[in-house]
Amino acid sequence: MMPPKVKLHPASCKYLRLGHPWITEDSYSARFPKNDFFLIGVDDRSSQPIALLINDPEHKNVKARLWSLLPEDFNSTPDFIRELEKRIKNALELRIKTNLISERDNFYLINAESDFLPGLLVLKLKDQILIQYYALFWKKKETELIKILKDQIQLQFPELPLNDIWIQERNFNQSKSIRSLSGSTHKDFQLNEFGIHYQIRLNEHYDFGIYTDMSSIRKQMKNYLVKSQSLLNLYSYTGAFSLFAMKLGAKNVVSVDLSSKYLNWLEENIAINTELNPTFHKSLCMPSEKALEKLINEQAQFESIICDPPSASSDGSSTTNALKSYEKLLPLMLKLLSQNGSLFVFLNTHTISWNKFEEKLKSIIATTEFSNKVIIGKRFKLSEDCLPLKGFHEGDYLKGFLIDFKNKNIKENV
Ligand SMILES: C[S@@+](CC[C@H](N)C(=O)[O-])C[C@H]1O[C@@H](n2cnc3c(N)ncnc32)[C@H](O)[C@@H]1O
């Protein structure tokens, strides 16, 4: 049966053609029927069908997602299962080509819009598969999705023991909402990323112990961290960056997090990597800003500083957004950066563009004694298994800049 036709806002038509695959809530999408899986989007001005969409009436603000812009796909009854199989196969083949499996147990098998599987993330975590729904229509196709996924994983990763599949609905209130096909309530296990073991805890918290979207960024940072004897890791979580730097030879690593639970987890991660020397590491359980002031008072210096705040962060008393928090953090971090040092600053939100982030950093630097002495350099972007789709800025949510001194002697004269 042919899907029903729905009129689209002229702006939606424009953005669809530019590669932006979402139809958000507006006066047009408010009139979409509720019960159809597919919709044919029609340009209201020309009355021409322009896209095959998947309807998502339950989602708060993304009311439909692009499935195809090819006219042959909206001029005949869509064959969802055949297309799904093809897209999953392509996504898995891409991961095989890049040989991610030789470097890490954790990677994205499917990265949503980038793999033309909108709102669907599938993570391989050693022998566990974690499916994350960002679009709610996947719940309606769960049986088919799991069958194809299992078959394709067995076909393309025959050596991979596949022990369980977990399903998580990622929602705005961050409730866990995770279940496993085997009926397990939780799973604790270790996985290896770049030769380092990490303790994973599925279904204990909203996140499970390592941010895999940061994995390819860690790899990009290797050449900088390998030269570093000391690292200050702000907003450390379970310490992926701290352990990575220790593995690369750092002998003085300080990790800062507000949560003692995550810092204990970090220390457990160090303990399971017996080749790492735990005396080279110190945890500071306090807000990042306080930790920076304390370290400045102690006249500490670091060759590397990493700052990866959550998009909205709280120090227990007030909440600040990440961009604003740099107004206080950046001048303090610059004081702690040694003359050959590298400062890596991240922002984890699609709502602020690369340019806006860079301009903000520049304007903050301009207010410090380091203006004209430091430069903002290389960008650290999502890549490999998390490469964003061109034209889809929501997928390009993780942004990092390297800041360092223009000339290694300059800081001595400041
Ligand atoms: C996005 S995670 C960092 C991920 C980490 N960089 C990694 O790659 O594994 C954010 C962390 O910041 C911590 N946090 C939130 N507010 C904080 C604050 N004001 N000071 C220090 N840590 C904070 C949270 O407990 C959480 O562990």
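Would you check if there is a residue in segment 302-309 being in contact with a helix residue (DSSP H, G or I) (Cβ under 7 Å, 6 or more places away or on another chain) and either under 30 Å from L117 (Cα atoms) or surrounded by fewer than 13 Cβ atoms within 10 Å (Cβ to Cβ) (or both)? Looking for residues that are in contact with a helix residue (DSSP H, G or I) (Cβ under 7 Å, 6 or more places away or on another chain) and either under 30 Å from L117 (Cα atoms) or surrounded by fewer than 13 Cβ atoms within 10 Å (Cβ to Cβ) (or both), one finds at least one in segment 302-309, hence yes.
Exactly one residue out of E93, E85 is farther than 26 Å from S182 by Cα, in a helix (DSSP H, G or I) and touching a residue at least 12 places away in the same chain (Cβ under 8 Å): that is E93. Those helices (runs of 4 or more DSSP H) of segment 193-273 in which at least 1 residues are away from the ligand (no atom under 12 Å from the Cβ) and of a type in the set (V, I, T), considering only elements entirely within it, cover 260-272. I need the full set of residues from segment 182-225 which are in contact with a Gly (Cβ under 7 Å, 6 or more places away or on another chain) and surrounded by fewer than 18 Cβ atoms within 10 Å (Cβ to Cβ), in order please. Result: R201, single match.
Within segment 114-122, not a single residue is surrounded by fewer than 16 Cβ atoms within 10 Å (Cβ to Cβ), without any contact (Cβ under 8 Å) to a residue 60 or more places away in the chain and part of a loop (DSSP other than H, G, I, E, B). Taken over segment 245-288, residues that are touching a helix residue (DSSP H, G or I) at 6+ places or on another chain (Cβ under 7 Å) and of a type outside the set (A, V, I, L, M, F, W, C) amount to 10.
Restricting the search to helices (runs of 4 or more DSSP H) fully inside segment 288-382 and requiring at least 3 residues that are within 14 Å of the ligand (Cβ to nearest atom) and of a type outside the set (A, V, I, L, M, F, W, C) gives 288-297, 322-336. Against the criterion of being within 22 Å of S311 (Cα to Cα), modelled with pLDDT under 95, hydroxyl-bearing (S, T, Y) and away from the ligand (no atom under 11 Å from the Cβ), S177 qualifies.
The values are calculated or read from the model by the stated rules, or taken from the named source; none is laboratory data. Since this is a predicted model, take the numbers as computed values, not measurements. Cβ sites come from the backbone with ideal geometry, for glycine too, and all protein chains shown count toward neighbours.
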